Amino acid sequence: MTTSNHNRVEVAIDLGERSYPIWIGQQLISNPNTWTGLPKAAAALIVTNSTVAPLYAQRLQSALTAVYPKVHTVVLPDGEDHKDWATLNLIFDELLGQGADRKTVLFALGGGVVGDMTGFAAACYMRGVPFVQVPTTLLSQVDSSVGGKTAINHPIGKNMIGAFYQPQRVVCDLDTLQTLPEREMSAGLAEIIKYGPIADMAFLDWIDANLDALLARDPKALAHAVKRSCEIKAWVVAQDEREGGIRAILNFGHTFGHAIEAGLGFGVWLHGEAVGCGMVMASRLSQRLGLVDEAFVSRLTALVDRAGLPTAGPKLGADEYLQHMRVDKKAEAGEIKFVLIDQPGKATVRGAPDALVAQVIDDCCAQ
Ligand code: NAD
Ligand code: GLY
């Protein structure tokens, strides 16, 4: 359900006793009202990184000081290649060094990397402390901060070590998107575009019509894109919190995308770039299986391109793609499962013959 209150819109994530709100609006971080009603504690820990800290950490620290007697901050190195055990340990070092107890509330201030690692740290520290997501990238506002997936990478596979652990609240301050590099805006658009083919073609039409406004960071367009994305994600997650079934559709483009990320080395392509290209490859595979027509593939490819994302994959070779895809979390007994488009607006999860997948990879990769 979506409601409106003064300066913010609220999308509810309905998960019984693990339910929580997503708040979307402007000037939320510095507003003291944003931080009331959270679990009481003697201390809070802001987890952020070296890029986001100088931009927003002081603002959050000042606002939280009105609520928590002690507020500490730990600054992690920036980048997907730091989404690992060593960096995760810096959070535990800080918590243990400060003598943090099991009521301490963690605040993830940053993009999906900070959010995924903070959530995992919160799930593990003293077997679970509360945490709040304060996503500052477009991708994290429309996807990664919502739904409770937390993880770090392993060199063999992306997000392979983690836990389902829901936050207490998600606070999407749209103003933070104004400082985001252009390439990161495009990466976020990939996850927004994703929601159209899998769930809502009317939203895809809206994105098509409003892409220039989104790229120009028009606050009204951003507010709608974040709200509608969160509504769709909330609808899926409420049906299938731990991905026993329908939640897998949120991984449209990710099977090919994760292979690109792992094949090139994490951080070479942004996650959203790999997903954008992965959606083109998955829709091509859907077309080869007779599920959608050429016009659908062309339309999606053109939109991904206009969003500033790659539409051709790196030439790693079909064997290497297939090898990485077999490590995907959706794979069962070595069989790769793809999220394919059954018909525009509806996704399905199924296998496909290796030879056909290899053909799609060859066709969709740069020469
Ligand atoms: P990111 O966290 O690496 O952030 C992108 C870059 O933008 C970083 O350099 C960051 O420091 C910088 N940045 C963040 N906010 C900024 C701001 N307001 N202004 C200027 N710079 C800013 O990348 P991301 O795209 O946010 O997230 C990608 C990660 O999310 C991947 O690790 C992916 O696996 C994960 N993910 C998780 C889920 C989930 O459900 N948990 C879903 C999708 C993606
Ligand atoms: N981003 C995929 C999921 O949350 O399930």
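The values are calculated or read from the model by the stated rules, or taken from the named source; none is laboratory data. Keep in mind that what you see is a predicted model, and the values were worked out from it rather than measured. All Cβ positions, glycine included, derive from the backbone under ideal geometry; neighbour counts span all protein chains shown. Please note that ligands, DNA and RNA were not included when accessible areas were found on the heavy atoms of the full protein model with its side chains. Shrake-Rupley method; radii C 1.70, N 1.55, O 1.52, S 1.80 Å.
Okay, here's what the table says:
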item: Positive dipole terminus of the chain, leading residue within 120, 291, 229 (C-beta point charges); result: 120
item: Check: the chain dipole with +1 on Lys, Arg Cβ and -1 on Asp, Glu Cβ, in debye; result: 940
item: From phi via Karplus (6.51, -1.76, 1.60), per-residue ³J(HN,Hα) for the stretch 264-270 in Hz, x at Gly/Pro; result: 7, x, 4, x, 6, 9, 5
item: Spread of Cα-to-Cα distances over 20 Å intervals beginning at zero, given as percent, for the chain; result: 31, 58, 10, 0
item: Loop-resident sites, the stretch 36-128, for trypsin sites (Lys or Arg not before Pro), counting at most 14 other Cβ within 10 Å (DSSP); result: 40, 102, 103
item: Cα centroid separation, the stretch 123-194 to the stretch 1-41 (Å); result: 16
item: Rounded FRET efficiency, nearest 0.05, which uses the C-beta distance separating residue 240 from residue 348 and R0 of 25 Å; result: 0.95
item: Two-decimal ratio, the stretch 132-278, of alpha-carbon radius of gyration to 2.2 N^0.38 Å; result: 1.00
item: DSSP-defined beta bridges in the stretch 74-183 - what % are antiparallel, rounded to 5; result: 40
item: Reachable lysines from residue 83, criterion Cα separation under 30 angstrom, eight or more residues apart if same chain; result: 40, 70, 103, 149, 158, 194, 227, 233, 315, 329, 330, 337
item: For the chain, calculated [θ]222 nm from helices alone, where every DSSP H run of n ≥ 4 adds -39500 (n - 2.57); result: -13000 deg cm²/dmol
item: Calculated diffusion of the stretch 224-367, Stokes-Einstein form, Kirkwood radius summed over Cα pairs, 4 °C and 1.567 mPa s, µm²/s; result: 84
item: Descending semi-axes in Å of the stretch 308-367, equivalent ellipsoid built from Cα gyration tensor; result: 19, 17, 11
item: Inverse of mean 1/r across different Cα pairs in the stretch 63-162, Kirkwood, Å; result: 13.8
item: Overall form of the stretch 1-41 per C-alpha gyration tensor (a/c, 1.5; a/b vs b/c); result: oblate
item: For the chain: accessible area per residue (Å², 1.4 Å); result: 39
